[in-house]
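Data block below; observations after.
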Number of protein chains: 4
Amino acid sequence: MKLTKEHQEEIENQQSQNNNTKRVISPELEKILFEAIPALDHGFVRVIDYMGDDTSIVQAARVSYGKGTKQVSTDSGLIKYLMRHWHSTPFEMCEIKYHIKLPIFIARQWIRHRTANVNEYSARYSILDKEFYLPTSENLATQSTSNRQGRGSVLEGKQAEDVLKLLKNDAERTYANYETMLNERYDGSIIDENKKGLARELARMNLTLNTYTQWYWKTDLLNLMNFLRLRADHHAQYEIRVYADIMLDTLKKWVPITFDAFMDYRVGGTEISSKGKLILQKLIKGEAISIEKSGLSKREWNELMEAFELKDKIV
Amino acid sequence: MKLTKEHQEEIENQQSQNNNTKRVISPELEKILFEAIPALDHGFVRVIDYMGDDTSIVQAARVSYGKGTKQVSTDSGLIKYLMRHWHSTPFEMCEIKYHIKLPIFIARQWIRHRTANVNEYSARYSILDKEFYLPTSENLATQSTSNRQGRGSVLEGKQAEDVLKLLKNDAERTYANYETMLNERYDGSIIDENKKGLARELARMNLTLNTYTQWYWKTDLLNLMNFLRLRADHHAQYEIRVYADIMLDTLKKWVPITFDAFMDYRVGGTEISSKGKLILQKLIKGEAISIEKSGLSKREWNELMEAFELKDKIV
Amino acid sequence: MKLTKEHQEEIENQQSQNNNTKRVISPELEKILFEAIPALDHGFVRVIDYMGDDTSIVQAARVSYGKGTKQVSTDSGLIKYLMRHWHSTPFEMCEIKYHIKLPIFIARQWIRHRTANVNEYSARYSILDKEFYLPTSENLATQSTSNRQGRGSVLEGKQAEDVLKLLKNDAERTYANYETMLNERYDGSIIDENKKGLARELARMNLTLNTYTQWYWKTDLLNLMNFLRLRADHHAQYEIRVYADIMLDTLKKWVPITFDAFMDYRVGGTEISSKGKLILQKLIKGEAISIEKSGLSKREWNELMEAFELKDKIV
Amino acid sequence: MKLTKEHQEEIENQQSQNNNTKRVISPELEKILFEAIPALDHGFVRVIDYMGDDTSIVQAARVSYGKGTKQVSTDSGLIKYLMRHWHSTPFEMCEIKYHIKLPIFIARQWIRHRTANVNEYSARYSILDKEFYLPTSENLATQSTSNRQGRGSVLEGKQAEDVLKLLKNDAERTYANYETMLNERYDGSIIDENKKGLARELARMNLTLNTYTQWYWKTDLLNLMNFLRLRADHHAQYEIRVYADIMLDTLKKWVPITFDAFMDYRVGGTEISSKGKLILQKLIKGEAISIEKSGLSKREWNELMEAFELKDKIV
């Protein structure tokens, strides 16, 4: 990631702000505010603004439950209780805003999370930067044969080189032709003064899906955790997980108590169906189990055995 | 409105906070942060937290439009442009959180605005305060005869007195019986040590709809304006308008440029149907108009003439 | 529940409709369409309209996964897979609309589920019916001493009688005074021709929270399941559970395959934290466990032991 | 647009369904149900399912307003009233589901409307079809010089030919390389049995933004109108307007009364700011107006004069 001088100055300018406020602050998050944390080859994650901290969740819960909440004596105990029992509304009382730079094909995955506010750089108005994602060789994975949406082993040798060359060449050529059609370069200079340029809203269609875009993305803490639960998971595509992992770290700085509860109950937690529960109960009692009598499909059976590291039970 | 000593201390404690932040602040809003602004007889509006200011809207818009926004030279010009052309997403980048105390029948109207986050005091957990709304005599309006949901003239004399007495007596009696059923007073003291109390989730059903409740209510700037546009309007019920008017004032302190654009384009603005537009065009040209040829219903015709203060045209 | 003659005729009229459509239908749901299924003493649940069936979920999933879905050979297998892996969007492709009559204090709980569309009977425009909820004696529970929002044993003898009398008297008196203030009876007749009535939007504040209201409530299948998961649960208040149980039955008629998966994975399923999982793994291996080393609070420990029916482990 | 034989058969199969239902139907919409209406060069719009018709809006409004609605005597009068006064919830009671095939750069614009349900074809699971959008020569517009996001005159002659050639060549080359990297053709055949293919979730990044995707898109009537108001507008990009215009026609078939009100109040309607209203009032009275005293910017002034076809007043 290389920032333009202009962008670097803007960040420094933002970071030098020092305002007084009666609002709660999150000291660890303040330290990295506005900083461009690198993601993939040209992307970044920046925290731009936030509202509330761990105490805001407690404050909202105590309004809801009134004197009733006094039973749970500590903030940490209350937050854990809320997380465990899916009392979600207090977590909606905190808000965070990111500035993200990311490849378009990842942006398309991301945007499916609808309960967020988005302002994306518009290629109808402006010319997109000449930046596109190229995987490193260790991320050049083959199609998984067992899982339709998964990755298998890494491509090697000549084939890996060829793939990288194709990706690079195609992105560069389509971008060059984008400029030709616009009759304008990405720095705003005109190519041929005697020609008109194709409308930007049309020319952009020639770009490849690994071109970088950027947006402001704002969401509440509950929906951020929903996003991270899915996108920091090992089933998520590597390229979005890179962003989710960085954001998981900003979550920890922002609301450390909530982060711990989230890791314990959501990220590290497991869901078990009613049929799966019966199997576990038999295992605990030392009774015999069999896939035939379990009512589970082979896939479900194996997922359960893997979750509890009962490798000898996998069929 | 009379705050408990406990609540008064909490507010003073919050107001004495003085934190350093790199985030943008809104100086005028900081001044009234946490303050309990009185509404109706026992209610209040408090601003508890906020995120962003006018510049946050501009910042988001400039990310969207990139270099394209440089055409609009000032922040104020850009905000007006966004408002006029219903470019709504930049306004979603600011967030505000209120603590509101309000009668239940108003809370039921309010909650219909779904795009907000809410944590309400729970009468399943805790005992509601002994506070209920009683209108002042000048707000004791009769049912309008022309408008099904409107108010007519004010009730007078003996009838007004009777109504106020009924409201007061019924609220007091049902509240006293609420305590009897709970076998517990609102201060937590037990009434009869030899009895059990009815479950709170049941006893609450005996309260009247003018009983006060309270909640934390958080929304983004766009949805706040949608709320205020409807609820600060003269068609809105007086009792919710009291809250909306206070919030309109907090909007002005928070984002003064946006407030001006909102007043000009939304609150003071008018919508005209395609048929209505044809009438106005004829009026401007000095041509004759008639309701028969207009395609407008009598109601639409009169609404148009009233909007443009053409009182002699009302039929 | 007693329907007015007018409402009874409307229902019969709706049920006699017989239209031809190319849309998918749900035969079992068609049988009970428009029927008023009784709930509590005066309430009801009616299914008014619906869109889609089990095959609509499969159809949407197959568009998403394209040829990839051919691996999962049956509709039932695919729906289970989607449910297990929280692939939620295909379930959003079905929609259902209910007409519900319910007490106001339950409506206030219900409305917290925001992702639904609602049209409620307006007491600003019209006079509410003279109907209020009175619990049966077996539902007259005391406040739980162990759980702030729960119910304990049932009130008995004289105290139960007294409570019922209070509830009945207060509801009747406040309703009578509502009519007095309106100067109009619920059938529309005027009480005193020489008086004006108080505005409806004001008079309604005198009613108690057990007064019945009604609304049209429309939601998609995903959000219906989210609602039912919380409200058909044994932690939910009895009075809302009555509605949820009826709706669970309409879910079964509407989308029987989805219903089965929902009962297995959501309603009958269990969530386990990462710490809880370690305990279960030790139990399966026959290793010793102790609350001290578990990192679980007493409450969490007991919840886990109860979930797996390990009663001797409860501390 | 050319459908595969498989898809053609599926459509015919769906259209031959003939079910009995007690639900309301929309006869004109039934006629075109499932039909693939062509859009652009390879896209289509298909109505897949719907719920409700004009009477459903009336039904919901009458529940809301109770006996209060009897004042408005006809369904048409009530729907117009609701539209005029922004009573939006009754329009949320109808729902429609489309199957859409569209270029990715248009899909990215479309998805910003968040209040809809979407299931998109996943290029993580499956291989995208070899289809990409190429504008016809009359839609090959230059960048507008006056409006940052608008189009100017049409490109002509050699330059137009060159642009079309570039677009076509780049799309074909990147698609061919997509297949090479996948080591698989779009029909599923393997290219080189001795090689592994790059993971689909990676290979897709090489495609250009004019590649076609498809999705199921479901929304309620209110949000459909919000979408159409913006996207059938002449400010919208031509390529999305093509879809919006087709959908406007399906709206007319589905809910003809609502369609008329929508065209009159929303599409053909105009909004006027408080300052603009003062100008119109002066014009009606025959008083002199001047931009200097109006408080309007030049842009606002001209927009107002254009809206009322006062061309001689444009400055």
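What follows draws every value from the coordinates through simple rules; no lab data is involved. None of these values were measured; they are calculated from a predicted model. Reconstructed Cβ throughout: ideal geometry from the backbone, glycine too, with neighbour counts over all protein chains shown.
The overall shape of chain B, judged from the alpha-carbon gyration tensor, is oblate: a/c is not under 1.5, and a/b is no greater than b/c. Can you pick out the pairs among B:Lys313/D:Lys282; B:Lys277/B:Lys313; B:Lys97/B:Lys130; B:Lys285/D:Lys313; D:Lys5/D:Lys31 whose Cα atoms lie more than 19 Å from each other? Violating the 19 Å Cα-Cα cut-off are B:Lys97/B:Lys130; D:Lys5/D:Lys31. Straight-line cross-link partners of B:Lys165 among the aspartates and glutamates, defined as a Cα under 20 Å from its Cα and at least 8 positions apart when in the same chain: B:Asp41, B:Glu131, B:Glu138, B:Glu156, B:Glu239, C:Asp170, C:Glu172, C:Glu179, C:Glu184, C:Asp192, C:Glu201.
A Förster radius of 30 Å, combined with the Cβ-Cβ distance separating D:Met263 from C:Thr55, puts the computed FRET efficiency at roughly 0.25. Between the amide H of D:Thr142 and those of A:Ala199, D:Gly152, D:Ser153, D:Val154, D:Leu155, distances stay under 5 Å, these residues lying 5 or more places away or on another chain, with hydrogens modeled in the peptide plane.
The distance from the alpha carbon centre of the stretch A:265-315 to that of the stretch D:11-28 is 44 Å, rounded to a whole number. For B:Ser122, the residues 5 or more places off, or on other chains, whose built amide H falls under 5 Å of its own are A:Tyr65, A:Gly66.
Where only DSSP H runs of four or more residues are counted, chain C gives -13000 deg cm²/dmol as its mean residue ellipticity at 222 nm, each run worth -39500 (n - 2.57). Take C:Glu287, push a point 7 Å out from Cα through the beta-carbon direction, and compare it with the same point in every other copy: 2.5, 8.7, 8.9 nm, smallest first.
Closest approach of any chain D Cβ to the axis that rotates D onto A belongs to D:Arg114, 2, distance given in whole Å. Using θ = phi - 60° in the Karplus curve 6.51 cos²θ - 1.76 cosθ + 1.60, the 3J(HN,Hα) couplings for the stretch B:109-124 round to 6, 4, 5, 5, 7, 7, 7, 8, 10, 9, 10, 9, 3, 9, 7, 7 Hz; x is entered for Gly and Pro. Taken about its Cα centre, chain D carries a charge dipole of roughly 1240 debye when the Cβ of each Lys and Arg holds +1 and the Cβ of each Asp and Glu holds -1. Backbone geometry of the stretch D:266-274 corresponds, through the Karplus equation with coefficients 6.51, -1.76 and 1.60 at θ = phi - 60°, to 3J(HN,Hα) couplings of 9, 5, x, x, 9, 10, 10, 6, 4 Hz, x marking Gly and Pro. Too long at a 27 Å Cα-Cα cut-off: which of C:Lys196/C:Lys218; C:Lys218/D:Lys2; D:Lys2/D:Lys22; D:Lys218/D:Lys253; A:Lys275/C:Lys275? Beyond 27 Å: C:Lys196/C:Lys218; C:Lys218/D:Lys2; D:Lys2/D:Lys22. Ordering C:Gly188, C:Leu202, C:Gly152 by Cα displacement along the dipole of the stretch C:151-205 toward the positive end leaves C:Gly152 in first place; charges were set at the Cβ atoms of Lys, Arg (+1) and Asp, Glu (-1). Backbone amide hydrogens, once placed in the peptide plane, bring A:His113 within less than 5 Å of nothing, excluding anything fewer than 5 places away on its chain. When only alpha carbons are used to place a centre, the stretch C:219-239 and the stretch A:117-143 end up 41 Å from one another.
Phi angles across the stretch C:222-235 convert, under the Karplus curve 6.51 cos²θ - 1.76 cosθ + 1.60 with θ = phi - 60°, into 3J(HN,Hα) values of 4, 6, 4, 5, 4, 5, 5, 4, 7, 8, 9, 7, 6, 7 Hz, Gly and Pro given as x. Take the alpha carbon atoms of the stretch D:171-199, find their center, do the same for the stretch B:160-209, and report the distance between the two centers in whole angstrom. One Cα centre to the other: 75 Å. In this simple spin-label approximation, A:Ile291 and D:Lys313 carry label points 7 Å from Cα along the Cα→Cβ vector, and these lie 7.9 nm apart.
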